[in-house]
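Working notes for the structure below.
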Amino acid sequence: MAIPRFWREIPSRYNLVGSRCGNCGAVDFPPRVVCPRCGRTSVGRMERMKLTGRGKVVSFTIVHDAPKDFEMMKPYVLAIVEMEEGVRLTSQVIDVERADVKIGMPVETAFRKLGQEGEAGVIHYGYKFRPAL
């Protein structure tokens with residue numbers, strides 16, 4: 001099997017996969033082996049779960065002075081998104097005018113190409129958010 005295909009077939013590669021504690025029910029992203037609330041009583045009781053990909057913007061900023069790898073995207077919106085499951089993620093908000101982003105705006109996950117290792121190398125994808133349809 002080619003390396004790029006192997007990479008794509010990792011179950012959590014193009015999904016938002018978190019974990020739920022079988023002890024207290026808390027959800028975390030990224031997935032954990034031990035619940036930060038229950039500690040060692042959660043060992044062996046953590047279950048992987050796919051997040052819905054839907055949430056809302058709870059805070060955001062517009063980045064005007066971007067790091068080197070993001071120069072071509074500036075200015076861009078960077079937001080804290082609270083998912084339906086309660087976890088919060090930091091991500092770029094895309095496919096919307098910067099002036100239209102508002103706190104409380106419903107959003108959904110969009111997986112986009114972030115980069116690639118050489119001409120025939122592994123393509124890196126990541127999650128961003130766009131306005132929910």
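The values are calculated or read from the model by the stated rules, or taken from the named source; none is laboratory data. This structure is a prediction, so every number in the text was calculated from the model and none was measured. Glycine also receives a Cβ, built like all others from the backbone with ideal geometry; neighbour counts cover every protein chain displayed. Note: accessible area is taken over every heavy atom of the protein model, side chains too, but ligands, DNA and RNA are not part of it. Shrake-Rupley method; radii C 1.70, N 1.55, O 1.52, S 1.80 Å.
When Leu114 is tested against (1) open to solvent by 90 Å² or more (accessible area, probe 1.4 Å); (2) in contact (Cβ under 8 Å) with a residue 24 or more places away in the chain; (3) part of a strand (DSSP E or B), only condition (2) is not met.
Quick one: what pairs do we get from the range 48-68, first residue farther than 16 Å from Leu89 by Cβ and among the hydrophobic types (A, V, I, L, M, F, W, C), second open to solvent by 30 Å² or more (accessible area, probe 1.4 Å) and assigned to a helix (DSSP H, G or I), C-beta under 6 Å, 6+ apart or different chains? Listed by first residue and then by second, the contacts come to Ile62/Arg98. Quick one: would you say Pro131 is surrounded by 12 or more Cβ atoms within 10 Å (Cβ to Cβ) and either at positive phi or in contact with an Asp or Glu (Cβ under 9 Å, 6 or more places away or on another chain) (or both)? Against the criterion (surrounded by 12 or more Cβ atoms within 10 Å (Cβ to Cβ) and either at positive phi or in contact with an Asp or Glu (Cβ under 9 Å, 6 or more places away or on another chain) (or both)), Pro131 qualifies.
Restricting attention to the range 91-107, the residues that are open to solvent by 50 Å² or more (accessible area, probe 1.4 Å) and either of a type in the set (A, V, I, L, M, F, W, C) or under 10 Å from the mean Cα position of the chain (by Cα) (or both) total 2.
Residues in the range 44-84 that are open to solvent by 60 Å² or more (accessible area, probe 1.4 Å) and of a type in the set (Gly, Ala, Ser): Gly44 only. Note on the range 108-121: residues that are among the hydrophobic types (A, V, I, L, M, F, W, C), over 12 Å from the mean Cα position of the chain (by Cα) and more than 21 Å from Lys68 (Cα to Cα) total 1. Under 16 Å from Asn15 (Cα atoms), modelled with pLDDT of 95 or more, among the charged types (D, E, K, R) and open to solvent by less than 80 Å² (accessible area, probe 1.4 Å): does that describe Arg88? Spelling it out, it is not the case that Arg88 is under 16 Å from Asn15 (Cα atoms), modelled with pLDDT of 95 or more, among the charged types (D, E, K, R) and open to solvent by less than 80 Å² (accessible area, probe 1.4 Å).
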